[in-house]
Amino acid sequence: TDCSRFYCVSRDLNKYFKDIHPDAYEDRLTKCHGYISEADEAVCGEVAECYLNAGAFYEDYVENGHIIEGGLTEESGDTRGGIITLLFALFFVSIGFAGMMKMVKGLLMH
């Protein structure tokens, strides 16, 4: 770990990091405490957490992270999986709409 660079992460962003990938948050983020001087760590102050590798975490899990992490379309990737899911949704909405129209027609014709 490169201890010459560190990142001050606000409480809000820190919460989002934890929400994005809880396992990686615990395993991959390295807190500054014990790796850099207390004076450097104090730069972040009380309102932010100090991490050595927050930039790499952001790049791996935010910029290059996958949105679809399970299910039927996982193997298709994010773009194709999103398109496939959208087509499924449109298909089922169309069937539901057609069924609803048939029901309304039946109610009005009798």
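The values are calculated or read from the model by the stated rules, or taken from the named source; none is laboratory data. What you see is a predicted model, and the numbers here were worked out from it, not measured in a lab. As a convention, Cβ positions derive from the backbone with ideal geometry for all residues, glycine included, and neighbour counts pool all protein chains shown. To get the accessible areas, we keep the full protein, side chains included, count just its heavy atoms, and leave off ligands, DNA and RNA. Shrake-Rupley method; radii C 1.70, N 1.55, O 1.52, S 1.80 Å.
Among 21, 66, which is the only one that is touching a residue at least 24 places away in the same chain (Cβ under 8 Å) and under 19 Å from the mean Cα position of the chain (by Cα)?
On the way: 66 fails: touching a residue at least 24 places away in the same chain (Cβ under 8 Å).
Of the residues listed, the single one that is touching a residue at least 24 places away in the same chain (Cβ under 8 Å) and under 19 Å from the mean Cα position of the chain (by Cα) is 21.
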Condition met for residue 72 (in a helix (DSSP H, G or I) and over 20 Å from residue 12 (Cα atoms)): no
Among (1) in contact with a Ser or Thr (Cβ under 9 Å, 6 or more places away or on another chain); (2) exposed (fewer than 12 other Cβ atoms within 10 Å of the Cβ), where does residue 110 come up short? (1)
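Considering only residues that are open to solvent by 100 Å² or more (accessible area, probe 1.4 Å) and either β-branched (Val, Ile, Thr) or within 27 Å of residue 67 (Cα to Cα) (or both), which ones fall in segment 1-17? Spell out the reasoning first.
Kept after step one, since they are open to solvent by 100 Å² or more (accessible area, probe 1.4 Å), are these residues of segment 1-17: 1, 5, 11-12, 15-16.
Residues satisfying the conditions are 1, 11, 12, 15, 16.
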If I ask for residues that are part of a helix (DSSP H, G or I) and open to solvent by 90 Å² or more (accessible area, probe 1.4 Å), which ones from segment 18-64 would you list? 18, 19, 23, 26, 27, 28, 38, 43, 58, 59, 63
